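Engineer: Quick one: the structure is below, questions incoming.
The values are calculated or read from the model by the stated rules, or taken from the named source; none is laboratory data. The model shown is predicted, which means the values in this text are computed figures rather than measured ones. Virtual Cβ from ideal backbone geometry, glycine too; neighbours counted across all protein chains shown. We work out accessible area using only protein heavy atoms, side chains counted, and drop any ligands, DNA or RNA first. Shrake-Rupley method; radii C 1.70, N 1.55, O 1.52, S 1.80 Å.
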Amino acid sequence: MELNTIVLEFIGTDHYDLTPITDGLINTTYLLEDKDHEKKFILQKINTHVFKQPEVIVKNHLMINEILQSNNYQFQNIEPVLSLTNKFLVKDSNGDSWRMLSFIENSTTFLTAPSLQTAFEAAKAFSYFLNTVNTEKLPAIEDSLPNFLNFEKRVSDYKNALENAIPSLKEKAKTEIEITNQLLSLPDQWIEMERNNQIPKRIIHADVKISNILFDQHHKPLAVIDLDTMMISTILYDFGTMIQSYTNTTLEDDGSAKNNFDSKMYKVVKEGFLFHLKEKLTPLEISSLDYAAQVAIYIQEIRFLTDYLNGSTYYSTQYPEHNLDRTKNQLELLKGLRKFLESE
C-alpha cells in the first residue's frame with residue numbers, strides 16, 4: 001500500500017492508526033497516530049490542481065510561523081514536520097506531494113458558529129492573528145493562488161461565461177443573471193482602490209471560515225490553522241469573506257433560502273475583527289468594511305454563477321442546478337446585507 005510507504009517516510013513505523021478527516025474541501029487529510037511514540041499528526045496530500053506549487057505553501061507556512069513566534073504570539077502554531085530524510089514534502093509514485101503537520105490535542109472545530117459569542121471569539125482570534133503577523137515590513141510571501149483575488153478577472157470570466165453559455169443554462173438562470181448584471185459595477189470601487197494604492201498591502205489569511213479556528217472545550221480559540229492560502233493583498237478581503245461565511249443562517253447551497261442574513265452575527269463579527277486591528281487599519285480601510293462585505297458576497301456569487309454557465313467544471317456538484325442554488329443563496333444573503341446596511 002503506497003499510503004503506508006508515505007507514513008513510513010515520516011514516522012518509520014508500521015505501528016499506527018490512520019483516520020480520514022473529511023471536513024476539508026481541497027486537500028486529502030488524515031489523522032495519523034504513531035502508536036510507538038504515542039503522538040498524533042495530520043497527514044495531508046496537497047491538491048496540486050489547486051496549489052500547483054506545494055513547496056510555496058510550505059515555505060510560506062514556515063515564514064509565517066517564524067514571524068508569529070518572533071512577535072510573542074500567544075496562540076499555538078501548527079508546525080510542518082520533517083520526514084526522516086529531512087524533507088517537508090514527500091512525493092508518491094504519482095508525483096503527488098504529502099506533508100505532515102503537528103496536531104493539537106483536545107481541540108475542536110465548528111463548520112458554522114454555534115453562538116454569537118463563539119463567532120465573536122473566532123473573529124477576535126483572526127484579528128489577533130492578523131495584527132500579530134502584520135509587522136512593519138512585508139515578508140517575501142509568494143502567491144500560492146495566482147489571480148485568486150483579481151476581481152477584474154472574476155468579472156471578465158463571468159462575462160465570457162455568459163456570452164458562451166448554452167441557451168438552456170442562461171434561461172434557467174435568467175433571474176440571477178439579471179440581478180448580477182445590475183450589480184456589475186459593485187466591485188469597481190475595490191478595483192480602483194487597489195489600482196491606485198489607496199489601501200495598504202497586508203498579509204491576509206484568505207480563508208477565514210470558522211472551521212479554520214481550533215477551539216478548546218470551552219469554545220476559547222487555541223489556534224488559527226490552514227495557512228495554505230496566506231498571501232499579500234488587502235485585509236478587506238478577510239473581513240468580507242468572514243461576513244460571507246458567518247452571517248449566512250442557511251446552508252450555502254440552499255437555493256430556496258429567504259432572509260438568510262443574520263444582522264446580529266454581522267455586528268459581533270465586525271466587533272471581533274476590529275478588536276485587535278482597529279489601531280492598525282487606516283481610516284479608509286475601516287470605512288470600507290461594510291462595502292467589502294458586499295463585494296465579497298457578490299464575487300462569490302459571480303464565481304458560482306460563472307461555473308454554472310460554464311457547465312459546472314470547477315466546484316464539486318451533486319446535481320445539475322447545484323451551482324445555481326448556490327448563486328441564489330448568495331444573492332439572498334447580499335440582499336439581506338444591503339437592506340441591513342441601508343437601515344443603519
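Engineer: Any residue at all in region 260-280 that's within 18 Å of Leu183 (Cα to Cα), at pLDDT 95 or above and among the polar types (S, T, N, Q)?
Structural biologist: No, region 260-280 contains no residue that is within 18 Å of Leu183 (Cα to Cα), at pLDDT 95 or above and among the polar types (S, T, N, Q).
Engineer: Restricting to region 173-193, what's the tally of residues that are in contact with a helix residue (DSSP H, G or I) (Cβ under 7 Å, 6 or more places away or on another chain), in a helix (DSSP H, G or I) and under 28 Å from Val56 (Cβ atoms)?
Structural biologist: Qualifying residue count, region 173-193: 2.
Engineer: Let me ask another. Please verify whether region 85-95 includes one or more residues that are open to solvent by less than 40 Å² (accessible area, probe 1.4 Å), closer than 17 Å to Gly12 by Cβ and of a type in the set (Val, Ile, Thr).
Structural biologist: For region 85-95, residues open to solvent by less than 40 Å² (accessible area, probe 1.4 Å), closer than 17 Å to Gly12 by Cβ and of a type in the set (Val, Ile, Thr): present.
Yes/no matrix, rows are residues, columns are (1) aromatic (Phe, Trp, Tyr); (2) assigned to a helix (DSSP H, G or I); (3) within 17 Å of the chain's Cα centre (by Cα); (4) over 26 Å from Pro320 (Cα atoms):
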position: Pro146; (1), (2), (3), (4): no, no, yes, yes
position: Glu171; (1), (2), (3), (4): no, yes, no, no
position: Asp238; (1), (2), (3), (4): no, yes, yes, yes
position: Ile243; (1), (2), (3), (4): no, yes, yes, yes
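Engineer: Take the residues of region 20-50 that are open to solvent by less than 70 Å² (accessible area, probe 1.4 Å) and of a type in the set (Ser, Thr, Tyr): which is nearest to Asn94 (Cα to Cα)?
Structural biologist: Out of the qualifying residues, it is Thr48.
Engineer: Answer yes or no as to whether Arg338 is closer than 23 Å to Asn181 by Cβ, among the basic types (Lys, Arg), touching a helix residue (DSSP H, G or I) at 6+ places or on another chain (Cβ under 8 Å) and surrounded by 22 or more Cβ atoms within 10 Å (Cβ to Cβ).
Structural biologist: Here the answer is no, as Arg338 does not meet what is asked.
Engineer: Yes or no: Asn323 open to solvent by less than 20 Å² (accessible area, probe 1.4 Å) and either part of a loop (DSSP other than H, G, I, E, B) or without any contact (Cβ under 8 Å) to a residue 24 or more places away in the chain (or both)?
Structural biologist: Yes: the conditions hold for Asn323.
Engineer: Just to be sure before I move on: is Thr229 at pLDDT 95 or above and β-branched (Val, Ile, Thr) in the structure I sent?
Structural biologist: No; evaluated as a whole, the condition is false for this residue.
Engineer: Against the condition among the basic types (Lys, Arg), surrounded by fewer than 18 Cβ atoms within 10 Å (Cβ to Cβ) and out of contact with any strand residue (DSSP E or B) (no Cβ under 7 Å at 6 or more places or on another chain), how does Lys270 come out, does it pass?
Structural biologist: no
Engineer: Please determine whether any residue of region 27-38 is closer than 30 Å to Thr135 by Cβ and either without any contact (Cβ under 8 Å) to a residue 12 or more places away in the chain or in contact with a Gly (Cβ under 8 Å, 6 or more places away or on another chain) (or both).
Structural biologist: No: region 27-38 contains no residue that is closer than 30 Å to Thr135 by Cβ and either without any contact (Cβ under 8 Å) to a residue 12 or more places away in the chain or in contact with a Gly (Cβ under 8 Å, 6 or more places away or on another chain) (or both).
Engineer: Checking the structure you have, find out if any residue of region 144-158 is touching a Leu at 6+ places or on another chain (Cβ under 7 Å), touching a residue at least 40 places away in the same chain (Cβ under 8 Å) and either open to solvent by 20 Å² or more (accessible area, probe 1.4 Å) or under 27 Å from Ser245 (Cα atoms) (or both).
Structural biologist: The answer is yes, given that some residue of region 144-158 is touching a Leu at 6+ places or on another chain (Cβ under 7 Å), touching a residue at least 40 places away in the same chain (Cβ under 8 Å) and either open to solvent by 20 Å² or more (accessible area, probe 1.4 Å) or under 27 Å from Ser245 (Cα atoms) (or both).
Engineer: Another question, if that's okay. Would you mind stating whether Asp253 is of a type in the set (Asp, Glu), outside any helix (DSSP H, G or I) and crowded, with 17+ Cβ neighbours inside 10 Å?
Structural biologist: yes
Engineer: Across region 301-320, what is the number of residues that are within 21 Å of Trp190 (Cβ to Cβ) and open to solvent by 30 Å² or more (accessible area, probe 1.4 Å)?
Structural biologist: 1
Engineer: Look through Lys280, Lys328, Lys258 and report the one residue that is assigned to a helix (DSSP H, G or I) and over 23 Å from Asn150 (Cβ atoms).
Structural biologist: Going through Lys280, Lys328, Lys258 in turn, the sole match is Lys328.
Engineer: Tally the residues that are of a type in the set (S, T, N, Q), within 16 Å of Gln44 (Cβ to Cβ) and either outside any loop (DSSP other than H, G, I, E, B) or at pLDDT below 95 (or both), restricting the search to region 56-108.
Structural biologist: Number of matching residues: 4.
Engineer: Hey, can you tell me all the residues within region 176-204 that are loosely packed, with under 11 Cβ neighbours inside 10 Å and either farther than 27 Å from Glu285 by Cβ or among the polar types (S, T, N, Q) (or both)?
Structural biologist: Glu178, Gln182, Ser185, Asn196, Asn197
Engineer: May I pose another question? Restricting attention to region 216-250, which residues are within 30 Å of Thr175 (Cβ to Cβ), in contact (Cβ under 8 Å) with a residue 40 or more places away in the chain and of a type outside the set (Gly, Ala, Ser)?
Structural biologist: Hits for region 216-250 are Leu236, Tyr237, Phe239, Thr241, Met242, Ile243, Gln244, Tyr246, Thr247, Asn248, Thr250.
Engineer: Kindly indicate whether any position in region 174-189 is at pLDDT 95 or above and of a type in the set (Lys, Arg).
Structural biologist: Yes, there is a match, as at least one residue in region 174-189 is at pLDDT 95 or above and of a type in the set (Lys, Arg).
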